[in-house]
Amino acid sequence: MGLSGLGIFHTAIGIIALVAGLISFVRYGKINLTQLTGKIYFYGTAITSLTALGLSKKGGFNAGHIFSLFILVLVVAALFLSFKKKGNNKARYFETFFLSFSFFLSLVPTINETFTRIPIGHPWAKGMTDPLIGKTLLGLFILFIAGSVYQFRKQRKVNKMLQ
């Protein structure tokens with residue numbers, strides 16, 4: 001598999017963050033930053049995004065690093081909205097979308113790295129352009145869209161109740 005110490009740490013924290021985000025989705029219908037699972041997702045994603053800056057298969061700064069910085073911006077913006085805009089119901093739409101989009105974007109390198117490394121010696125995909133990766137990401141994108149629609153509808157109901 002050939003992971004460095006930083007790569008192993010990055011992967012472990014990333015898996016914990018994704019599992020926490022998934023649990024939060026199931027429990028609350030969104031990544032809820034006021035709950036433990038949401039906090040674990042936030043901090044785990046932030047750490048994973050920052051540690052990604054120290055990783056590179058090809059050396060140097062690359063598109064993956066920009067991706068990780070974008071994910072970091074999304075979760076930090078969601079946290080800001082969560083704390084600073086408590087009474088603003090419209091801010092909840094953006095907070096929820098930013099967290100969901102960060103989760104989806106986190107799956108892009110996760111799928112790519114997993115499918116091109118596992119099983120060791122005979123990975124499922126030959127490279128990032130392999131059709132299996134594309135089909136998997138398309139399926140996840142469709143789930144992201146469906147989940148976003150569900151979350152917006154749910155948030156609209158909450159907002160109406162608070163009026």
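The values are calculated or read from the model by the stated rules, or taken from the named source; none is laboratory data. Here the structure is a predicted model, which means the values were calculated and not measured. We place every Cβ from the backbone using ideal geometry, glycine too, and count neighbours over all the protein chains shown. Protein only, heavy atoms only, side chains kept; ligands, DNA and RNA dropped before computing areas. Shrake-Rupley method; radii C 1.70, N 1.55, O 1.52, S 1.80 Å.
A quick yes/no check of all residues on (1) touching a residue at least 60 places away in the same chain (Cβ under 8 Å); (2) among the charged types (D, E, K, R); (3) out of contact with any Leu (no Cβ under 8 Å at 6 or more places or on another chain):
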{"position": "Gly21", "(1), (2), (3)": "yes, no, no"}
{"position": "Leu33", "(1), (2), (3)": "yes, no, no"}
{"position": "Gly54", "(1), (2), (3)": "no, no, no"}
{"position": "Lys85", "(1), (2), (3)": "no, yes, yes"}
{"position": "Tyr93", "(1), (2), (3)": "yes, no, yes"}
Selection within segment 61-88 - open to solvent by 50 Å² or more (accessible area, probe 1.4 Å), of a type in the set (Gly, Ala, Ser) and within 22 Å of Asn112 (Cα to Cα): Ala63
Quick one: which residue in Ile71, Ile40, Ile118 is closer than 20 Å to Thr136 by Cβ, modelled with pLDDT of 95 or more and β-branched (Val, Ile, Thr)? Ile71
Only one of these is open to solvent by less than 30 Å² (accessible area, probe 1.4 Å), assigned to a loop (DSSP other than H, G, I, E, B) and not hydroxyl-bearing (Ser, Thr, Tyr): Gly54, Gly127. Name it. Gly127
